[in-house]
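S.K.: Dropping the structure in here first, questions after.
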Amino acid sequence: METDHHISEKVYAVVERYFAALNAGNADAVTDTLNFPHFRIGSTGNVTHYPDGKSDHLNNFRNRTSADGWHHSVIDKMEATFTLPSKAHVNVYFRRLREDGTEIGSYFSLYVITEIDDHWGIQGGSGNGS
């Protein structure tokens, strides 16, 4: 299936902003990269639902990753596999790292990114991370 390059660039920018916001510890910027309602499906099938932007997505992420010593994440590869004028599916391959640069692990997530009211944001995701 062909993807629209223009849409792909928009959604890649959302993913890059999301990772930058997580790495900076900026809760408002993290929330700004999401669309709501928002959901995450974890590696064990656990579903986390965020009905609106009032939930503390960043703190929930930190609670899931602090035991591993997470400091930041890096994107290794992104691939838009499906695009519509207001929705895309993006495969994201990334690594989580400790402050000293040692790798915690390599991960994959599928992000569903939507445009709602002229705002592109991650509406949902599923992956092999916590």
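Please treat every number below as a calculation from the coordinates, not as lab data. Since this is a predicted model, take the numbers as computed values, not measurements. A quick note on method: Cβ atoms are made from the backbone with ideal geometry, for glycine too, and the neighbour counts reach across all protein chains shown.
S.K.: In which sequence would S66, S73, S55 go, from the one with the fewest C-beta neighbours within 10 Å to the one with the most? Don't skip to the end; give the middle numbers.
M.R.: On the way: S66 9, S73 21, S55 17.
Lowest count first: S66, S55, S73.
S.K.: Using 5 Å bins from zero, what percent of all Cα-Cα pairs in the range 5-127 falls into each bin?
M.R.: Answer for the range 5-127: a P(r) of 2, 11, 21, 26, 22, 12, 4, 1, 0 percent.
S.K.: Using the crude model of +1 on Lys and Arg Cβ and -1 on Asp and Glu Cβ, and no other charge, please compute the dipole size for the chain relative to its Cα centre, in debye to 20.
M.R.: Working: 11 positive and 17 negative charges, 85 e Å.
It works out to roughly 400 debye.
S.K.: By how many degrees, 0 to 90 and rounded to 10, does the Cα axis of helix 5-24 deviate from the longest principal axis of the chain?
M.R.: The two axes meet at around 20 degrees.
S.K.: Continuing with the same structure: What value, in deg cm²/dmol to 500, does the helix sum -39500 (n - 2.57) over DSSP H runs of n ≥ 4 give at 222 nm once divided by the residues of the chain? Could the numbers behind the result be given before it?
M.R.: Values: 3 runs with 35 residues, N = 130.
Counting only the DSSP helices, I get -8500 deg cm²/dmol.
S.K.: OK, next. Under a Cβ-only charge scheme (Lys and Arg +1, Asp and Glu -1), can you give me the dipole magnitude of the range 28-74 about the Cα centre, in debye to the nearest 20?
M.R.: Working: 4 positive and 5 negative charges, 31 e Å.
Here the size comes out at about 160 debye.
S.K.: Cut-off under 16 Å on the C-alpha distance; same-chain residues fewer than 8 positions from K10 excluded. Which lysines are left, in chain and number order?
M.R.: Those lysines meeting the cut-off are K77, K87.
S.K.: 5 Å is the cut-off here: which amide hydrogens, built 1.01 Å from N in the peptide plane, fall below it relative to L34, excluding neighbours closer than 5 in sequence?
M.R.: I122
S.K.: Please report the net charge: other residues with Cβ closer than 10 Å to the Cβ of T31, K and R +1, D and E -1. Can you show the working numbers first?
M.R.: Working: positive: K54; negative: D28, D32, D52, D56.
It works out to a net charge of -3.
S.K.: Still on this structure: Just tell me which aspartates and glutamates come within less than 13 Å, Cα to Cα, of K54; anything on the same chain fewer than 8 places away is out.
M.R.: D28, D32
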